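Values quoted throughout were computed directly from the atomic coordinates according to the rules given, and no laboratory measurement underlies them. Predicted, not measured: the structure shown is a model, and the values here were computed from it. Methodologically, a virtual Cβ is constructed for each residue, glycine included, from the backbone with ideal geometry; neighbour enumeration extends over all protein chains shown.
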Amino acid sequence: MPKDFTNRPFDKLKKQLDRRPPPAPAPPSPPVPVAGPFTEDELFACAMTDVQVIEAFRVLPCARSSRREAPTRETRDPDDDALAILMQIAEGSHPINLSDTQEYIEWTNPGVPGEVIGKLHTGHFSVQGYLDLHGYTGDEVNETLDAFLAEAFQRDWKCVKVIHGRGLRSVKGPVLKDAVVRRLVGRYRKQVIAFVSARQCDGGLGAMYVLLRK
């Protein structure tokens, strides 16, 4: 082509192309639809796709157990049971719960914790002196008990034992026992913390422990 050739028809076309606005960006692709939640039947069918049925296990033999008869309950007469226990007590083979008898006595000064009487009855406190009232009359109890307690307070004894007997041979009942109780809750009410029937090895219902204030 000669150098002096000036007819260039595509120069204007190039300029027009350069003046055009840039093409608009392509719209985003639509989102891929997400499968909705599966039902329990669909999940089970999916999980059981590769499971094979074992025909031999469709029916399994089951041994039938023999029916057992319920044991019959023997009805016992409560009077017979009570009589048997009384016979055992009379023979000495059955222990006696002294607190369940009518002869059992206990007294606690107001304001004293309730566990004190239990400790006193079970021998928690050591007996430091005792008074045996066998052979005394009801009129002699007060004077004898006063002299004994005066000695106990002088020696600073905390726990003493008073043997009063059960009074089973008396037509008036336990005279000595009742006299001791009246004296303790009367004249010595402020000096006595508590008193209770003694243990079986310490005289049982025929004696009492007395807990004194120092």
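Could you compute the FRET efficiency for Ala26 and Gln52, with r as their C-beta to C-beta distance and R0 at 41 Å, rounded to 0.05?
On the way: r = 51 Å, r/R0 = 1.24.
After rounding, the FRET efficiency stands at 0.20.
If you count, for each residue, the other Cβ atoms within 10 Å and average over each peptide, how do 160-169, 118-127, 42-51 line up from highest to lowest? Walk me through the intermediate numbers first.
Details: 160-169: 17.8, 118-127: 14.9, 42-51: 8.8.
Top of the packing list down: 160-169, 118-127, 42-51.
Under the rule of at least 5 residues apart or a separate chain, name every residue whose amide H is placed under 5 Å from the amide H of Tyr188.
Amide H neighbours of Tyr188: none.
Each residue of segment 192-204 in turn: what ³J(HN,Hα) in whole Hz from Karplus with 6.51, -1.76, 1.60 and θ = phi - 60°, glycine and Pro shown as x?
Using θ = phi - 60°, the values come out as 9, 7, 6, 8, 7, 4, 6, 5, 4, 6, 10, x, x Hz.
Provide the packing ranking of 128-137, 198-207, 174-183, 108-117, i.e. peptides ordered by the mean count of other C-beta atoms within 10 Å per residue, highest first.
On the way: 128-137: 14.8, 198-207: 17.2, 174-183: 19.3, 108-117: 12.1.
Result, highest mean first: 174-183, 198-207, 128-137, 108-117.
Arg213 to Tyr104: FRET efficiency via 1/(1 + (r/R0)^6), r the Cβ-Cβ distance, R0 25 Å, to the nearest 0.05?
Numbers: r = 24 Å, r/R0 = 0.95.
With R0 = 25 Å, the Cβ-Cβ based efficiency is 0.60.
Please state, to two decimals, what the Cα-based radius of gyration of segment 94-210 comes to when divided by 2.2 N^0.38 Å (N = residues). Let's see the in-between values first.
Values: Rg = 13.6 Å, N = 117, 2.2 N^0.38 = 13.4 Å.
So the Cα radius of gyration is 1.01 times the expected 2.2 N^0.38 Å.
In Å and from the alpha-carbon atoms only, list the Rg and Dmax of segment 168-214.
11.9, 38
For an R0 of 45 angstrom, estimate the FRET efficiency from the Cβ-Cβ distance between Asn142 and Glu69 and round to the nearest 0.05.
Details: r = 71 Å, r/R0 = 1.57.
Calculated transfer efficiency: 0.05.
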